[in-house]
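Peer 1: Handing you a structure now.
A short reminder: the numbers here are calculations on the coordinates, not readings from a lab. Source: prediction; values computed, not measured. Note: ideal-geometry Cβ built from the backbone for every residue, glycine included; neighbour counts use all protein chains shown.
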Amino acid sequence: MASARAVTLLCALALLAPFLLQAQAKAVIVGYGPLPWSFYVFQSWRQPVVKPGDVLVFKWGFWPHGLRKLASGTAFDNCDFSGSTKIAPIRFFGYARYKVQAADAATALFFACPVPSHCGPGGMKVQVNVTPL
């Protein structure tokens, strides 16, 4: 009888776990200031560690910027956009969100602006570390 209750409780917790994790999710603004996705964010922003379910928020103003999720740390180091995923198109006064997925757990995510010269010389790139589940 007790083992049946334990199994039922474990099944219920397994079903509720994604909702409990999502309830604790937070929005994380990438960068500093009122329009933080800007030049040299890589040098100035010390990102917190995020967890699956958190939402990364990128905001920018007058200058045209965009957002790509880069394929690897090597792509990040070299500002190589081949194999990247478009999160937001290049536009003025932009806003983008990326919800950290369960598949991102225990990895590093790499984001950069795809406008020429913004990633490398402009420093518009960030690495975000994700906790394990």
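Peer 1: Need one number: nm distance between label points at ARG91 and THR131, each 7 Å from Cα along Cα→Cβ, rounded to one decimal.
Peer 2: 3.3 nm
Peer 1: Amide H neighbours of ILE29 under 5 Å, counting only residues 5+ apart in sequence or on other chains, H built in-plane at 1.01 Å?
Peer 2: Sorted by chain and number, the residues that satisfy this are VAL57.
Peer 1: Follow-up question, since we're still on this one. With each pseudo-label sitting 7 Å past Cα toward Cβ, what's the GLN24-ALA71 distance in nm, one decimal?
Peer 2: Label at GLN24, label at ALA71, 3.5 nm between them.
Peer 1: Taking H placed 1.01 Å from N in the peptide plane, check which residues at least 5 places from ASN129 or on another chain put their amide H under 5 Å from its amide H.
Peer 2: Excluding prolines and chain starts, which carry no amide H, the hits are VAL50, LEU109.
Peer 1: Can you run phi through the Karplus equation (6.51, -1.76, 1.60; θ = phi - 60°) for the range 115-132 and list ³J(HN,Hα) in whole Hz, with x for Gly and Pro?
Peer 2: Karplus values, whole Hz, x for Gly and Pro: 5, x, 6, 7, 6, x, x, x, x, 8, 8, 9, 10, 10, 8, 10, 6, x.
Peer 1: Sticking with this one: If you take the square roots of the eigenvalues of the alpha-carbon gyration tensor of the range 50-133 and sort them as a ≥ b ≥ c, do you get rounded (a/c under 1.5), prolate (a/b over b/c) or oblate?
Peer 2: Oblate is the answer for the range 50-133, as a/c is 1.5 or above yet b/c matches or exceeds a/b.
Peer 1: Quick one: Karplus J couplings for the range 102-113, per residue in order, coefficients 6.51, -1.76, 1.60, θ = phi - 60°, nearest Hz, x for Gly and Pro?
Peer 2: Calculated HN-Hα couplings, in order: 4, 5, 7, 4, 6, 10, 10, 9, 10, 10, 7, 7 Hz.
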